[in-house]
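Enquirer: Below you'll find the structure I mean.
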Amino acid sequence: MSGALLSVENAVVDLPTPRGNLRAVDHVDLEVGAGKTLGIVGESGCGKTMLSRAILQLLPKKAKLSGRVMFDGQDLTRLSAEKLRKLRGRSLAVVFQDPMTSLNPVLTIGTQLIETIVEHLELDLAQARQRSVELLAAVGIPAPEQRLTQYPHQLSGGMRQRVAIAVALSCEPQLLIADEPTTALDVTIQAQILDLLAREQQRRHMAMIIITHDLGVVAGRTDEVAVMYAGRVVERAPTPALFKQMRMPYTEALLAALPKLDVPPHTPLPAISGRPPDPTRPLKGCSFSPRCRYSAGRCSTEKPRLSPAETLEHLYACFHPIAAGGGA
Amino acid sequence: MMLQAAPNPLMKVENLVVEYSVGGKTIHAVSDVSLEIARGETLGLVGESGCGKSTLGRAVLQLRQAVSGKVLFDGHDLTTLKGEPLRKMRRRVQLIFQDPIASLNPRRRIGDIVAEPLVIAGVKDPEERKRRVSEVLSAVGLDPALVSGRLPHEFSGGQCQRICIARSLVLNPEFVICDEPVSALDVSIRAQILNLLEEMKARYGLTLLFIAHDLAVVKAVSDRVAVMYLGRLCEVGPSEQLFARPAHPYTALLIEAIPVPDPDVRPTQSVPVGEPPSPIAPPSGCRFRTRCPRADARCSSEVPELRLVASGQFAACHHPLV
Ligand SMILES: Nc1ncnc2c1ncn2[C@@H]1O[C@H](COP(=O)(O)OP(=O)(O)O)[C@@H](O)[C@H]1O
Ligand code: SF4
Ligand code: SF4
Ligand SMILES: [Mg+2]
């Protein structure tokens with residue numbers, strides 16, 4: 001726990017809805033070390049975005065967060081709005097799936113970059129402008145000088161996402177949270193953006209959280225992976241260990257559902273049947289039990305706790321984990 | 001051009017050209033595309049957004065008028081048909097869209113949405129309509145008694161896509177164009193819908209044009225794959241062969257870019273930076289040349305024609321990889 005740049009401790013996020021309380025994040029513990037990359041993987045609605053918003057203290061007004069979010073020695077849940085705002089521009093940055101969430105449509109790219117830099121770093125306008133051009137070049141934007149006078153709508157989706165990344169990187173943050181940064185983009189652009197994030201992360205020795213529903217995205221690009229289901233972390237391990245031996249049936253099922261390149265066309269995909277449970281109607285037992293092919297015995301009556309496997313770094317929440325070498 | 005899929009293809013597109021005119025400028029959305037789809041076959045159509053896939057699909061259905069070219073469906077040129085004969089022919093061809101939620105009218109009940117094509121086709125008997133609606137809803141894995149009276153917002157994206165598929169099948173079509181049917185869906189739901197499409201294809205004896213921007217998804221369901229870039233076809237060939245030995249540099253780039261769920265396969269970082277140029281002023285010669293590592297002088301002066309590079313595999317490239 002100690003020594004981590006970010007540590008989320010026992011985070012719970014509750015949202016009131018007309019259908020009753022919705023527990024979006026359910027007792028989550030996570031750490032990210034300085035310069036490390038964590039992948040958070042799961043289907044839509046499993047709580048990934050709410051967790052990242054809880055870290056950033058950007059939850060909807062009605063949401064209730066309990067637990068601690070320790071970042072660089074301070075508990076973000078206790079910081080004033082003013083301090084948080086400073087921190088978010090400076091040390092803690094975010095890139096969303098839709099770049100327009102973080103870009104202002106009525107300001108030029110140059111204005112947005114330069115304003116952010118001047119506000120958070122002690123640079124004058126000319127220096128900030130120079131810095132902006134360098135950043136745009138670093139994120140692979142051709143003719144960066146000319147882009148400064150353009151508006152976001154004049155760029156393609158991929159180019160906008162590059163600009164959003166440039167804005168996020170502009171103040172040399174210690175932690176970057178990228179929430180489905182490439183889900184809306186084409187495969188070739190996705191590969192370029194992921195490479196760009198990895199390169200900048202290493203160059204700046206920045207910590208990073210990549211949120212995605214695709215295990216393929218995190219495989220070669222993270223140090224650790226946390227798999228979320230129904231608001232909980234259900235498996236967590238160093239990336240190589242996870243892919244070597246998945247213990248939680250949900251993780252295995254997510255991997256199996258990806259189309260494989262080495263099987264002939266028309267091979268039926270091992271789909272996960274059904275859907276995630278209604279988060280306003282929490283299940284008594286394991287949340288995955290209605291869809292789990294290994295469900296048996298206490299799976300439907302008791303919640304499995306996240307606990308270590310053979311090694312302390314590999315945690316999973318399952319009563320009938322997949323044994324080494326496959327099969328539960 | 002020789003693109004023989006079978007002696008008697010169900011769908012044959014010949015030298016199709018489709019353009020849009022925006023603010024006095026011409027967008028070259030589909031430029032001289034020829035394709036054949038055999039009866040019972042699934043042809044995958046893959047390429048980045050804006051390359052003209054949807055426009056091609058819409059022009060095949062006559063929802064968008066082509067500048068030139070032919071669309072031969074079962075021997076009839078749809079581009080010259082009008083009125084009742086066109087309506088009759090259209091019933092045999094259906095379309096499924098990418099965004100399942102947006103393509104369902106939010107104020108209509110599911111039973112009515114699925115029945116709508118029947119009403120338009122003039123099926124007057126309500127009992128008959130109800131029977132056909134129940135049949136297709138059950139086929140796509142929904143309980144007609146439970147869903148018919150509900151509204152679209154009560155369903156998830158995956159379920160809405162099942163409803164769209166049911167609607168597209170209710171007239172018993174022969175040919176279905178699936179335009180990015182799973183692009184908006186999560187990994188697990190995507191697998192369910194892909195499996196469902198395969199089941200429906202077998203059950204109703206369909207021929208499919210399956211459009212997507214993800215080559216891995218396309219490969220999973222297609223017998224042959226056509227790769228499109230900036231309005232033109234780059235390569236056509238049997239799925240497995242195309243994957244094992246792509247001939248066109250763009251196909252190779254698309255394969256390279258697929259994220260592999262294996263930490264030992266480090267991302268190559270070799271995908272060249274850059275995006276497709278504007279279809280308003282496509283590059284001369286080969287349209288891919290501004291991003292192609294093999295481009296030379298000839299590539300900017302001469303348009304590469306599709307030609308045979310291996311058995312059943314065609315590529316439009318002056319310097320193919322095979
Ligand atoms: N209704 C339209 N009016 C003007 N331009 C269009 C229209 N629809 C598509 N386009 C343009 O035509 C080109 C091809 O688009 P499209 O067929 O939608 O590609 P894809 O389906 O492969 O993403 C793009 O440049 C797109 O912006
Ligand atoms: S606890 Fe039971 S139901 Fe849950 S994942 Fe493990 S085997 Fe499946
Ligand atoms: S024709 Fe030239 S530019 Fe086009 S794909 Fe082939 S090598 Fe590349
Ligand atoms: Mg499209």
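Enquirer: Would you mind telling me which numbered condition in (1) open to solvent by 10 Å² or more (accessible area, probe 1.4 Å); (2) closer than 20 Å to B:Phe288 by Cα; (3) among the hydrophobic types (A, V, I, L, M, F, W, C) B:Ala202 fails?
Expert: Among (1) open to solvent by 10 Å² or more (accessible area, probe 1.4 Å); (2) closer than 20 Å to B:Phe288 by Cα; (3) among the hydrophobic types (A, V, I, L, M, F, W, C), the lone unmet condition for B:Ala202 is (2).
Enquirer: Let me confirm something: among B:Thr79, B:Thr55, which residue is assigned to a helix (DSSP H, G or I), at pLDDT 90 or above and more than 13 Å from ligand 1 (Cβ to nearest atom)?
Expert: Going through B:Thr79, B:Thr55 in turn, just one is assigned to a helix (DSSP H, G or I), at pLDDT 90 or above and more than 13 Å from ligand 1 (Cβ to nearest atom): B:Thr79.
Enquirer: Examine the range B:256-279 for a residue that is polar (S, T, N, Q) and either open to solvent by less than 50 Å² (accessible area, probe 1.4 Å) or within 16 Å of ligand 1 (Cβ to nearest atom) (or both), and state whether such a residue exists.
Expert: yes
Enquirer: Further question on the same structure: The conditions are (1) outside any helix (DSSP H, G or I); (2) within 30 Å of B:Gly24 (Cα to Cα); (3) at pLDDT below 95; (4) not aliphatic (A, V, I, L, M), and B:Gln269 fails exactly one of them. Which is it?
Expert: (2)
Enquirer: Please indicate, with yes or no, whether at least one residue in the range B:166-182 is within 13 Å of chain A (Cβ to nearest Cβ), within 16 Å of ligand 1 (Cβ to nearest atom) and crowded, with 19+ Cβ neighbours inside 10 Å.
Expert: Scanning the range B:166-182 turns up at least one residue that is within 13 Å of chain A (Cβ to nearest Cβ), within 16 Å of ligand 1 (Cβ to nearest atom) and crowded, with 19+ Cβ neighbours inside 10 Å.
Enquirer: For the range A:116-134, enumerate the residues that are over 26 Å from the mean Cα position of the chain (by Cα), in a helix (DSSP H, G or I) and farther than 15 Å from A:Ile165 by Cα.
Expert: Answer for the range A:116-134, where residues must be over 26 Å from the mean Cα position of the chain (by Cα), in a helix (DSSP H, G or I) and farther than 15 Å from A:Ile165 by Cα: A:Val118, A:Glu119, A:Leu125, A:Ala126, A:Gln127, A:Ala128, A:Arg129, A:Gln130.
Enquirer: Which strands (runs of 3 or more DSSP E) sit wholly inside the range A:1-111 and have at least 3 residues that are surrounded by 14 or more Cβ atoms within 10 Å (Cβ to Cβ), at pLDDT 90 or above and touching a Lys or Arg at 6+ places or on another chain (Cβ under 8 Å)?
Expert: Ranges flagged: A:6-17, A:20-32, A:37-41.
Enquirer: Further, regarding this structure: Let me confirm something: among B:Val136, B:Val218, which residue is open to solvent by less than 10 Å² (accessible area, probe 1.4 Å) and closer than 23 Å to A:Leu258 by Cβ?
Expert: B:Val218 is the lone residue from the list that is open to solvent by less than 10 Å² (accessible area, probe 1.4 Å) and closer than 23 Å to A:Leu258 by Cβ.
Enquirer: In the range A:247-297, what count of residues is obtained for those that are part of a helix (DSSP H, G or I) and surrounded by 14 or more Cβ atoms within 10 Å (Cβ to Cβ)?
Expert: Number of matching residues: 11.
Enquirer: Can you tell me how many residues within the range B:20-73 are within 16 Å of ligand 3 (Cβ to nearest atom), away from chain A (no Cβ under 14 Å) and among the small types (Gly, Ala, Ser)?
Expert: The qualifying residues number 1.
Enquirer: Please work out which residue is farthest from the chain's Cα centre (by Cα), limiting yourself to the range A:215-246 and to residues that are within 27 Å of A:Val12 (Cβ to Cβ) and assigned to a loop (DSSP other than H, G, I, E, B).
Expert: A:Met246
Enquirer: So, in the range B:28-70, exactly how many residues are among the β-branched types (Val, Ile, Thr) and either open to solvent by 10 Å² or more (accessible area, probe 1.4 Å) or under 17 Å from B:Pro173 (Cα atoms) (or both)?
Expert: So the count comes out to 5.
Enquirer: Which is of a type outside the set (Val, Ile, Thr), more than 14 Å from chain B (Cβ to nearest Cβ) and touching a residue at least 12 places away in the same chain (Cβ under 8 Å), of A:Ala296, A:Ala241?
Expert: On inspection, the qualifying residue turns out to be A:Ala296.
Enquirer: Please go through the range A:249-286 and pick out each residue that is in contact with a helix residue (DSSP H, G or I) (Cβ under 9 Å, 6 or more places away or on another chain), within 11 Å of another protein chain (Cβ to nearest Cβ) and under 22 Å from B:Leu142 (Cα atoms).
Expert: Once the filter is applied, which keeps residues that are in contact with a helix residue (DSSP H, G or I) (Cβ under 9 Å, 6 or more places away or on another chain), within 11 Å of another protein chain (Cβ to nearest Cβ) and under 22 Å from B:Leu142 (Cα atoms), the range A:249-286 yields A:Ala257, A:Pro268, A:Leu269, A:Pro270, A:Ala271, A:Ile272, A:Ser273, A:Gly274, A:Arg275, A:Pro276.
Enquirer: Mind listing whichever residues of the range B:109-133 are touching a Ser or Thr at 6+ places or on another chain (Cβ under 9 Å) and open to solvent by 50 Å² or more (accessible area, probe 1.4 Å)?
Expert: B:Arg109, B:Asp112, B:Lys130, listed by residue number.
One line per residue, one yes/no per condition, for (1) out of contact with any strand residue (DSSP E or B) (no Cβ under 6 Å at 6 or more places or on another chain); (2) away from ligand 2 (no atom under 16 Å from the Cβ); (3) part of a loop (DSSP other than H, G, I, E, B):
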site: B:Pro7; (1), (2), (3): yes, yes, yes
site: B:Ala29; (1), (2), (3): no, yes, no
site: B:Leu43; (1), (2), (3): no, yes, no
site: B:Gly50; (1), (2), (3): yes, yes, yes
site: B:Arg90; (1), (2), (3): yes, yes, no
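Enquirer: Output the number of the condition that B:Glu305 fails; it satisfies all remaining conditions of (1) under 26 Å from A:His213 (Cα atoms); (2) within 16 Å of ligand 3 (Cβ to nearest atom); (3) of a type in the set (Asp, Glu); (4) surrounded by fewer than 15 Cβ atoms within 10 Å (Cβ to Cβ).
Expert: In the conditions (1) under 26 Å from A:His213 (Cα atoms); (2) within 16 Å of ligand 3 (Cβ to nearest atom); (3) of a type in the set (Asp, Glu); (4) surrounded by fewer than 15 Cβ atoms within 10 Å (Cβ to Cβ), B:Glu305 misses (1) alone.
The values are calculated or read from the model by the stated rules, or taken from the named source; none is laboratory data. The model shown is predicted, which means the values in this text are computed figures rather than measured ones. Neighbour counts are summed over all protein chains in view; Cβ atoms, including those assigned to glycine, are modelled from backbone coordinates with ideal geometry. These area figures cover heavy atoms from the full protein model, side chains too; ligands, DNA and RNA do not enter into them. Shrake-Rupley method; radii C 1.70, N 1.55, O 1.52, S 1.80 Å.
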